[in-house]
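Structure, as structure tokens:
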Amino acid sequence: MTNDPIRRSQELMRAELPKKFYAEATIAAEDGGFAVKLDGRPVKTPSRKPLILPTAAAAEHVRAEWQAQEKVIDPAKMPMTRLANTIIDGVAVNANAVFEEIVSYAGNDMLFYRAESPEELVARQAERWGAVLDWMAEEYGARFVLVEGVMFAEQPAESLEAFRRELEHHRAPFELGALHVMTTLTGSALVTLALARGRLTLDEAWALGNLEEDWTIELWGHDEEAARRRAKRFEDMKAAHDLFVALG
């Protein structure tokens, strides 16, 4: 038995993972959606609700995660399943609050707040973030106020209403939940909308959300721990994007 408390804790965490008890994960049409099943038995969310997704494509993503488990079931390796659970147990019963939180992001979006210096970063923000704002103006007539620094700026009510109208197309819990995750991970509801509309690719949206971090890395170099955390965030971002696409 080890005397190292950190190692002992890690061993206990691994020991707590449930053993894989099934041979095959499948999907089946059920209750207007597609249920994930393990050897024919339905999977339940943490709140004991059936794990049912709106489309076969979405359910297939979750099924594949369950099938990929080996000796134990490790939720850390199942981002799509975690997201589906969160949506079923949380978003579905708090849809209005989730909707309004995304709208709040749009009212205080990362894209509005620009660096005062250095010149190269200012130019990069103007070019790359500006392209999304130009698209919002051209596509929806939504124009926003830009500021230097972090001082809050009130945005035009008509522009926020234009964003709200577009978000109304995604009131369904699974779409809303996926958009919420992408918004929080990028820090931008506008980048997320551009991604949802196919104006940006996943990699482009991720780069815009991490523009300032990438700038810092270029200046000061790479930090391994920060890189690991970022990789985990991207895993969740990709799961949310893949789910959103699969709902279409």
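Remarks
- Think of each Lys and Arg Cβ as +1 and each Asp and Glu Cβ as -1; about the Cα centre, that makes the dipole of region 173-237 roughly 280 debye.
- For a label point 7 Å along the Cα-to-beta-carbon line of residue 137, residues of region 181-199 with backbone N under 18 Å: 190-191, 194
- Projecting the Cα atoms of 210, 160, 173 onto the charge dipole of region 154-218, computed from C-beta unit charges around the Cα centre, puts 173 farthest toward the positive end.
- Sulfur and carbon atoms: percent of accessible area, region 111-169 [1.4 Å]: 50 percent
- Two-site label geometry, residue 150 and residue 212: point separation in nm, points 7 Å out along Cα→Cβ: 0.8 nm
- Once backbone amide H atoms are built at 1.01 Å from N, residue 30 has 35 as its partners under 5 Å, excluding neighbours fewer than 5 places away on the same chain.
- Debye equation applied to the C-alpha atoms of region 133-186, log10 I(q)/I(0) at 0.17 Å⁻¹: -0.70
- Of the residues 52, 87, ranked by 1.4 Å probe accessible area with the largest first, the sequence reads 52, 87.
- Placing +1 on each Lys and Arg Cβ and -1 on each Asp and Glu Cβ, with no other charges, gives the chain a dipole about its Cα centre of roughly 1380 debye.
- Residue list for region 203-227, given a label point 7 angstrom along the Cα-to-Cβ vector of residue 122 and an amide N cut-off under 20 Å: 211-216, 219
- A straight Cα-to-Cα reach below 25 Å connects residue 37 with the lysines 19, 20, 49, 71, 77, 238, residues fewer than 8 places away in its own chain not being considered.
- Note: the chain, Cα convex hull, 155 Å³ per residue.
- Estimated FRET transfer efficiency (residue 60, residue 230; beta-carbon r; R0 25 Å; 0.05): 0.35
- GNM flexibility winner over the chain from 229, 63, 143 (Cα, springs under 10 Å): 229
- At a probe radius of 1.4 angstrom, the accessible area of the chain per residue rounds to 55 square angstrom.
- Region 98-152: translational diffusion in µm²/s, Stokes-Einstein, Kirkwood Rh over Cα pairs, 20 °C, 1.002 mPa s: 177 µm²/s
- What the phi angles of region 58-64 give under the Karplus curve with 6.51, -1.76 and 1.60, with θ = phi - 60°, is a coupling list of 5, 5, 5, 4, 5, 4, 4 Hz, glycine and proline written as x.
The values are calculated or read from the model by the stated rules, or taken from the named source; none is laboratory data. Model, not experiment: these values are computed from the prediction. Reconstructed Cβ throughout: ideal geometry from the backbone, glycine too, with neighbour counts over all protein chains shown. Just the protein is used for accessible areas: all its heavy atoms, side chains included, with ligands, DNA and RNA removed. Shrake-Rupley method; radii C 1.70, N 1.55, O 1.52, S 1.80 Å.
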